[in-house]
Amino acid sequence: MRAVVFAIVLSSSTTDAQTYRSSPERRVVVDRDWGPWLGPFRARLIPGLMQDFGERYVYEAANAALPPPRSGEPRVVFLGDSITDRWNLASSFPNRPYVNRGIGSQVTAQMLLRFHQDVIALRPRAVVILAGVNDVQGFLQQETPEQIEANWEAMADLADAHQIKVVFGSLLPVNDYTEAARDVVRERRPDQLRALNVWLRAFCARRGYAYADYYAALVDAHGLLGRDYTADGIHPLDVGYARMTPIAERAIATALERK
């Protein structure tokens, strides 16, 4: 039995050596230490992401149970990471046909993969996209600002192709004012967040999309997320979401009014 296995392996190796391949060898990456909480959390995620990087299974049942929008119903899908996931839309926007499709820790590449299932298939009038802060951290995907911008653009192109109005939310500021937030600013550099927002605002102006400037409403005199708006330096508390709600509402109204 061992001889047979060895023969198969040898044959495979010989074939591989003779097979043309355009791509260079894959790189070997030594992972960093993500700490006592993020490390185990990331380790639990990785096997599932190797099967479904977009995590499309998360909302599969909810999407199947969601009926089509009624005639004239201005359905809006909020797409994003944990900042969207933790936003209680029913409380912030009572009696509005708004659908939350946020998934914690996600990056823009994952949202792009699930855009058809979690946005287009739900037939909304508009989509509110708040994404990118995890890309900056590099928790699941190491991306340059240009790659983040390309993913934003690709999501917008998909929405345009399906006659869905687009609202982009600015990246929120972050802070490191508490022990829970001690690594946040180091991992999500405020200057990079600001630069991405500058690009995003210009992109929205160029394309005619609505821009929800959460950043301006939440930033403090030090250029960081206001102390009262968060406990961990990145996720808004209820008072933070209360500041964001009218900004999102105005941006959605603007988007829906545009031809």
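The values are calculated or read from the model by the stated rules, or taken from the named source; none is laboratory data. Keep in mind the model is a prediction, meaning the values are calculated, not measured. With ideal geometry, Cβ positions are generated from the backbone for all residues, glycine too; neighbour counts draw on all protein chains shown. With ligands, DNA and RNA removed, areas are computed over all heavy atoms of the protein, side chains included. Shrake-Rupley method; radii C 1.70, N 1.55, O 1.52, S 1.80 Å.
Of all the numbered requirements in (1) touching a residue at least 40 places away in the same chain (Cβ under 8 Å); (2) open to solvent by 10 Å² or more (accessible area, probe 1.4 Å); (3) in contact with an Asp or Glu (Cβ under 6 Å, 6 or more places away or on another chain); (4) within 22 Å of Tyr229 (Cβ to Cβ), Arg101 misses one, and that requirement is (4).
The single condition among (1) more than 26 Å from Gln163 (Cβ to Cβ); (2) exposed (fewer than 10 other Cβ atoms within 10 Å of the Cβ) that Ile46 does not satisfy is (2). Across region 28-68, what is the number of residues that are more than 21 Å from His116 (Cβ to Cβ), free of Cβ contacts under 8 Å to residues at least 24 places away in the same chain and small (Gly, Ala, Ser)? Residues that pass the stated criteria total 2. Here Ser71 passes the criteria (1) farther than 22 Å from Ile148 by Cα; (2) open to solvent by 80 Å² or more (accessible area, probe 1.4 Å); (3) in contact (Cβ under 8 Å) with a residue 60 or more places away in the chain except the one numbered (3).
On the basis of being aliphatic (A, V, I, L, M), farther than 23 Å from His235 by Cα and modelled with pLDDT under 90, does Ala7 make the cut?
yes
Can you find, within region 215-236, the residue that is nearest to Leu172 (Cα to Cα) among those that are open to solvent by 50 Å² or more (accessible area, probe 1.4 Å) and of a type in the set (Gly, Ala, Ser)? Per the stated criteria, the residue is Ala216. Residues that are under 22 Å from Leu200 (Cα atoms), polar (S, T, N, Q) and out of contact with any strand residue (DSSP E or B) (no Cβ under 9 Å at 6 or more places or on another chain) within region 72-107 comprise just one, Ser105.
Of all the listed residues (Phe139, Phe53), the sole one being open to solvent by less than 10 Å² (accessible area, probe 1.4 Å), at pLDDT below 95 and more than 21 Å from Ala255 (Cα to Cα) is Phe139.
Being free of Cβ contacts under 8 Å to residues at least 60 places away in the same chain and either closer than 30 Å to Gly72 by Cβ or part of a loop (DSSP other than H, G, I, E, B) (or both) holds for only one residue in Asp135, Asp157, Asp228, and it is Asp157. For the subset of region 74-85 comprising residues that are within 17 Å of Thr254 (Cα to Cα) and not charged (D, E, K, R), which member is surrounded by the fewest Cβ atoms within 10 Å (Cβ to Cβ)? Only one residue tops the list, namely Pro74. You will find that of Ala212, Ala202, the residue that is open to solvent by less than 60 Å² (accessible area, probe 1.4 Å), among the aliphatic types (A, V, I, L, M) and touching a Gly at 6+ places or on another chain (Cβ under 7 Å) is Ala212 and no other. Looking across region 159-197, the residues that are closer than 30 Å to Arg27 by Cβ and among the aliphatic types (A, V, I, L, M) come down to Leu171, Val174, Val184, Val185, Leu193, Ala195, Leu196.
Taking region 243-259 as the search range and keeping residues that are within 20 Å of Asn88 (Cβ to Cβ) and touching a Phe, Trp or Tyr at 6+ places or on another chain (Cβ under 9 Å), which one is most open to solvent (accessible area, probe 1.4 Å)?
That would be Arg243.
Residue under question is Val239, and the condition is that it be touching a Leu at 6+ places or on another chain (Cβ under 9 Å), open to solvent by 20 Å² or more (accessible area, probe 1.4 Å) and on the phi < 0 side of the Ramachandran plot; does it hold? Criteria not met by Val239.
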